[in-house]
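S.K.: The following block contains the structure, expressed as structure tokens.
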Amino acid sequence: FSATINGVAWGATGTVAVNHSTGGIITISGFGQIGTSTGYSVALAIGATTGPGTVSLNYLNPTTSLLIVGSSTGAGWTTFSNGGTGTMTITTLTSNHIVATFTADAVATSGGATGTIPIRNGKLDVTF
């Protein structure tokens, strides 16, 4: 589980949490540091997904899929606020495995966050 956050490489360390509900909702979250001082949590929620395809992470998308970024400073950004955009392309989805790429522009929502934080080159290949 990795991405480029605001132009800097990020990767989840330790456990990546995944929940795949019977209703097709998938949540994925992980935490990793950029440099030695700032940590970021990245969480994705994908609604009504049953197989490979492209999922919108845009504000008010019909499946309520979204991306959330939180920093260890308390700042938070999301695609599910006015102005947030993003897509996820799922190439593999089984009952216990997901492979996907994603990109997003998440808008500031909490903790003194400002502006939009770009998430690029997102990749995940998680067995659960």
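S.K.: When only Cα pairs under 8 Å and 6 or more residues apart are kept, what is the percent relative contact order across the range 57-118?
M.R.: Once divided by the residue count of the range 57-118, the mean separation gives 33 percent.
S.K.: Accessible area per residue of the range 15-128 at 1.4 Å probe, in Å²?
M.R.: Ligands and nucleic acids excluded, the figure is 47 Å² per residue.
S.K.: Follow-up. Kindly write out, for the range 96-109 in residue order, the coupling ³J(HN,Hα) from the Karplus curve 6.51 cos²θ - 1.76 cosθ + 1.60 (θ = phi - 60°), rounded to whole Hz, with x marking Gly and Pro.
M.R.: 3J(HN,Hα) across the range 96-109, in whole Hz: 9, 8, 9, 10, 7, 10, 8, 8, 7, 10, 9, 9, 4, 9.
S.K.: Tell me the net charge near G11. Cut-off is 13 Å between Cβ atoms, G11 excluded, with +1 for each Lys or Arg and -1 for each Asp or Glu.
M.R.: 0
S.K.: Further, regarding this structure: With the cut-off at 1.5 for a/c, could you classify the range 1-57 from its C-alpha gyration tensor as rounded, prolate or oblate?
M.R.: Judged from the Cα gyration tensor, the range 1-57 comes out prolate (a/c at least 1.5, a/b above b/c).
S.K.: Take the Cα atoms of the chain, find their three principal axes, and give me the spread along each one in whole Å, biggest first.
M.R.: Extents along the principal axes, in whole Å: 36, 32, 21.
S.K.: How much of the accessible area of the range 10-120, in percent, comes from carbon and sulfur atoms when a 1.4 Å probe is used? Working shown, then result.
M.R.: On the way: 2800 of 5100 Å².
The value for the range 10-120 is 55 percent carbon and sulfur by accessible area.
S.K.: Probe 1.4 Å, all protein chains in place: accessible area of H20 in Å², nearest 10?
M.R.: 60 Å²
The values are calculated or read from the model by the stated rules, or taken from the named source; none is laboratory data. Everything quoted here is computed from the prediction, not taken from an experiment. Using ideal geometry, Cβ is built from the backbone for each residue, glycine included, and neighbour counts are taken over all protein chains shown. With ligands, DNA and RNA removed, areas are computed over all heavy atoms of the protein, side chains included. Shrake-Rupley method; radii C 1.70, N 1.55, O 1.52, S 1.80 Å.
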